[in-house]
There are 2 protein chains.
Amino acid sequence: MLDDAALDTILRTARTHFTWTGKPILDEQLHELYDLAKFGPTSANCSPARFVFLRTHQARERLLPALSSGNVAKTMAAAVTVIVAYDPNFFDRLPYLFPHADARSWFASNAALAEETALRNGTLQGGYLIIAARAMGIDTGPMSGFDREIVDREFFAANGWKSNFLINLGEGDPSALFPRTPRLDFDEACLML
Amino acid sequence: MLDDAALDTILRTARTHFTWTGKPILDEQLHELYDLAKFGPTSANCSPARFVFLRTHQARERLLPALSSGNVAKTMAAAVTVIVAYDPNFFDRLPYLFPHADARSWFASNAALAEETALRNGTLQGGYLIIAARAMGIDTGPMSGFDREIVDREFFAANGWKSNFLINLGEGDPSALFPRTPRLDFDEACLML
């Protein structure tokens, strides 16, 4: 069992940040981040998520036409913005990722199953990336307020990946946070059978 | 930053389990599990996930007609099986969950956005539940090999929730594990811009 400080760091007191101190994130930290998040479980180890790390001001300017207005300033001020995407053809890597069975054929022959699997597991992997960043002491600001089609045209015209959501990374300024919003009680969100 | 043992516990050496020792999980552990996972971030704090904890043999027998054959034995042997579901009408709780703005209207007037938001954020919350369980020393076995429509008819005819995926919980038997499957290298899954 993790100790209280670790549980606080990954979930209990961690917060979504939108004001950043300007402290940079090194490229080797992004490698370490992926090398943590990649171990999270996916269905048949399908690993559909793809991550685009926008490190420079110029790279993030390419996002601007897609962002909802409330997401512009915090994105431009973050150290790095991650486009959490997925590869719709993720199943082409299954002979390597899941050698026990012909898992490629399950998806290559069923476009609806492939799309559902890419979205569900690519999203899970984005969640692992959020937790992994927090575990490394990096603050996060996930966002879904943007136009996915604009992002896909701008960044993925060549490789065919699809955007899912965005995560700002950096050192957050805790003094800018509002009080935490409430969560649903156990009895509102859970059933015991 | 979490120490190596904690990173191993939540991601690096944690494994998906399918053979269980039979050690039970107490109801108070399920409460503690939800009370950790609930703090993970969702878009506008929308918190669409709903969790159904199937603790008894009888409750899990109701799942059987929906399970793919490979998922039957491990599910019946787990201490608890969780149906990770979402409430399509999650937005009705937004005046409580996100009091800063009229977020309910963003979704109540846009069924496609509501569905996309429920699926993405409900899936993220399922990922937080996997990590939270591991952080508590509970082993996990997530599964998507089942018929969602059958589960929805059997469990959610009254409340309208929708199933997303399943997670077995318990104490896994590490001696039953196969060697770990590979993951994609950084350069296969990530771009640096």
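The values are calculated or read from the model by the stated rules, or taken from the named source; none is laboratory data. A quick note: this is a predicted structure, and the numbers were derived from the prediction, not measured. Here the Cβ positions follow ideal geometry from the backbone for every residue, glycine too, while neighbour counts run over all protein chains shown. These accessible areas exclude ligands, DNA and RNA; they are computed on the full protein's heavy atoms, side chains included. Shrake-Rupley method; radii C 1.70, N 1.55, O 1.52, S 1.80 Å.
Which helices, taking whole DSSP H runs in chain B, have alpha carbons extending 24 angstrom or more along the helix axis plus mean Kyte-Doolittle at least 0.0?
Span-like helices in chain B: B:111-135.
Only Cα pairs within less than 10 Å get springs; with that Gaussian network setup on chain B, which residue of B:151, B:52, B:84 has the largest fluctuation?
It is B:52.
Using a Gaussian network model on chain A with a 10 Å cutoff between Cα atoms, which of A:122, A:145, A:70 fluctuates the most?
Its mean-square fluctuation being the largest, the pick is A:70.
Across segment B:14-23, in residue order, what do the Karplus-derived ³J(HN,Hα) couplings come to in whole Hz, using 6.51 cos²θ - 1.76 cosθ + 1.60 with θ = phi - 60° and x for Gly and Pro?
Ordered by residue, 3J(HN,Hα) equals 5, 10, 6, 9, 9, 10, 10, 7, x, 4 Hz.
According to the square roots a ≥ b ≥ c of the eigenvalues of the Cα gyration tensor, what is the shape class of the protein assembly as shown, taking rounded for a/c under 1.5, prolate for a/b larger than b/c otherwise, and oblate for the remainder?
Rounded is the answer for the protein assembly as shown, as its axis ratio a/c remains below 1.5.
Identify which of B:167, B:83, B:150 has the largest mean-square fluctuation in a Gaussian network model of chain B, with springs joining Cα atoms closer than 10 Å.
B:150
If the label for residue A:148 sits 7 angstrom from Cα along the Cα-to-Cβ line, what are its distances to the same label in every other copy, in nm to one decimal, shortest first?
Relative to the other copies, residue A:148 has label-point distances of 1.3 nm.
Roll a 1.4 angstrom probe over the protein heavy atoms and tell me the percent of accessible area of chain B that is carbon or sulfur.
Percent of accessible area from carbon and sulfur atoms in chain B: 53.
Could you give each residue of segment B:89-103 its phi-based ³J(HN,Hα) in whole Hz, using Karplus coefficients 6.51, -1.76, 1.60 with θ = phi - 60°, and x for Gly or Pro?
Residue by residue, segment B:89-103 yields 9, 3, 5, 5, 9, 5, x, 7, 6, 9, x, 5, 8, 7, 5 Hz.
Roughly speaking, what is the centre-to-centre gap between segment B:115-193 and segment A:13-63 when only Cα atoms are used, to the nearest Å?
Their Cα centres are 21 Å away from one another.
Classify chain B as rounded, prolate or oblate, taking a ≥ b ≥ c as the square roots of the eigenvalues of its Cα gyration tensor: rounded when a/c is under 1.5, otherwise prolate if a/b is larger than b/c and oblate if not.
It is oblate, given that a/c is not under 1.5 and a/b is not larger than b/c.
Shape call for segment B:1-52 from the C-alpha gyration tensor, a ≥ b ≥ c root eigenvalues: rounded (a/c under 1.5), prolate (a/b greater than b/c) or oblate?
It is oblate, given that a/c is not under 1.5 and a/b is not larger than b/c.
Within a 10 angstrom radius of each residue's Cβ in A:176-183, how many Cβ atoms of other chains show up on average? Whole number is fine.
Across the residues of A:176-183, the mean count of other-chain Cβ atoms within 10 Å is 4.
Contact order normalised by length for segment A:44-186, with contacts defined as Cα pairs under 8 Å and 6 or more residues apart; what percent is it?
Once divided by the residue count of segment A:44-186, the mean separation gives 33 percent.
Based solely on its DSSP helices, what 222 nm [θ] is calculated for chain B when runs of n ≥ 4 H residues each add -39,500 (n - 2.57) and the sum is averaged over all residues, nearest 500 deg cm²/dmol?
Roughly -10000 deg cm²/dmol at 222 nm, from the helical runs in chain B.
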